[in-house]
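Enquirer: Let me begin by handing over the structure; questions about it come next.
Just so it is clear, none of the values below were taken in a lab; they were calculated from the coordinates. Source: prediction; values computed, not measured. Cβ placement follows ideal geometry from the backbone for every residue including glycine, while neighbour counts extend to all protein chains displayed.
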Amino acid sequence: MKQTSRRAKRMERAHKRNKGGATLNLTALMDIFTILVFFLMFNQSDVRIEGSEEIRLPDSVAQNAPNENLVVVVTKEVIMVQGRPIMTVADAAATQEETLAPLLTELQYMAARTTLDPDLEAAGEGRPINIVGDKDTPYQLLQKVMKTASKATFGNISLAVNQLTGGTP
């Protein structure tokens with residue numbers, strides 16, 4: 001008769017108990033996948049442009065959806081880049097220059113943090129940017145913001161609008 005050690009006997013008993021193989025707790029796995037699905041559903045929506053609720057966008061019948069780009073928001077009181085206030089609208093309107101110095105500094109900083117897509121560079125378009133402005137914002141102010149953006153290598157400018165379904169605005 002073959003003698004086996006205590007350890008070998010214990011391992012043999014444990015091996016006999018696990019003959020059915022490893023089991024998975026499917027309830028916990030289903031919970032994890034359910035949470036993952038809900039997370040993806042809530043975070044996978046159209047591009048949201050961060051802006052204040054007080055901004056009333058102009059209406060348009062354009063079909064192009066906005067991309068996730070750098071966002072400049074012009075409210076009635078302040079100009080913001082990515083939600084961070086840069087300068088007041090009153091200071092921007094009072095400036096006689098074509099470009100806005102504080103905004104130019106911020107946009108140049110943001111441009112230095114990202115690389116320009118080679119396809120856009122070859123086309124000569126520049127970096128993409130979305131400008132969100134109230135529909136009552138004076139055109140001269142928007143023109144200063146757009147000139148400042150293009151001077152800071154953000155030449156691919158998109159203006160945010162409310163999309164109308166068919167018809168004319």
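Enquirer: Around I86, which amide H atoms from residues at least 5 apart in sequence, or from another chain, sit under 5 Å from its own amide H, with H modelled in the peptide plane?
Expert: It is I79, M80, V81, by chain and number.
Enquirer: Here is a follow-up. If neighbour count is taken as other Cβ atoms inside 10 Å, put M30, M80 in order from fewest to most.
Expert: So the ranking, lowest neighbour count to highest, is M30, M80.
Enquirer: Which ³J(HN,Hα) values in Hz, rounded to whole numbers, follow from the phi angles of region 142-159 under the Karplus curve 6.51 cos²θ - 1.76 cosθ + 1.60, where θ = phi - 60° and Gly and Pro get x?
Expert: Working through the residues one at a time gives 4, 5, 5, 5, 5, 5, 5, 5, 5, 5, 8, 6, 9, x, 8, 9, 10, 9 Hz.
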